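Report on one structure; see the data block that follows.
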Amino acid sequence: QLQLVESGGGLVQPGGSLRLACAASGVTLDHYAVGWFRQAPGKEREGVSCISHSGGSTSYAAAVNGRFTISRDNAKNTVYLQMNSPKPEDTASYFCAEVWGMATLKSNVYDYWGQGTQVTVSS
């Protein structure tokens, strides 16, 4: 029954903004840490950001630090990734994932994954 569904992806111009959402069903999201990951053709999956179950702790990859913001609304069972000033190198398929445990940027510790949403940054 557990499902994660990403939304909000699309085409955005450099310097614009985009907000991704990860909506969970069949799970009490406030018990899970959540991470955002991305993968571009020819590259390995990369951790982007993660947030603890309470939202009290967040981490960011150096490449996005200062531009992206992760947040969660447990009442809505949703985690967000606000992408400000995206760059062409941010183009990738973005996935959210959940784990019962500590939030990290290591993808292999996560148990549940969404289908992904495509983000394309281009003029």
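Read-outs: derived from the displayed coordinates by stated rules, not from any lab. The shown structure was predicted, so the numbers you read here are calculated from the model rather than taken from an experiment. As a convention, Cβ positions derive from the backbone with ideal geometry for all residues, glycine included, and neighbour counts pool all protein chains shown.
Coupling constants for the stretch 101-114 follow from the phi torsions by the Karplus curve (6.51 cos²θ - 1.76 cosθ + 1.60, θ = phi - 60°), and in residue order they are x, 7, 6, 9, 9, 9, 5, 6, 8, 8, 9, 10, 10, x Hz; glycine and proline get x. Hey, if you put +1 on the Cβ of every Lys and Arg and -1 on every Asp and Glu Cβ in the chain, which of GLY10, TYR112, VAL34 ends up farthest toward the positive end of that dipole? The Cα lying farthest towards the positive end belongs to GLY10.
Legend: Rg and Dmax of the stretch 16-123, from Cα coordinates, 12.9, 40 Å. Each Lys and Arg Cβ is given +1 and each Asp and Glu Cβ -1; about its Cα centre, the chain then shows a dipole of about 200 debye. The stretch 65-123 and the stretch 1-36 have Cα centres spaced 6 Å apart.
Phi angles of the stretch 55-62 translate, via the Karplus equation with coefficients 6.51, -1.76, 1.60 and θ = phi - 60°, into HN-Hα couplings of x, x, 9, 9, 9, 9, 5, 4 Hz per residue; Gly and Pro are given as x. Relative contact order, whole percent, for the chain stands at 37, derived from Cα pairs under 8 Å and 6 or more residues apart.
The aspartates and glutamates within cross-link reach of LYS106, meaning a Cα-to-Cα straight distance under 17 Å and a gap of 8 or more places when in the same chain, are GLU44, GLU46, GLU98.
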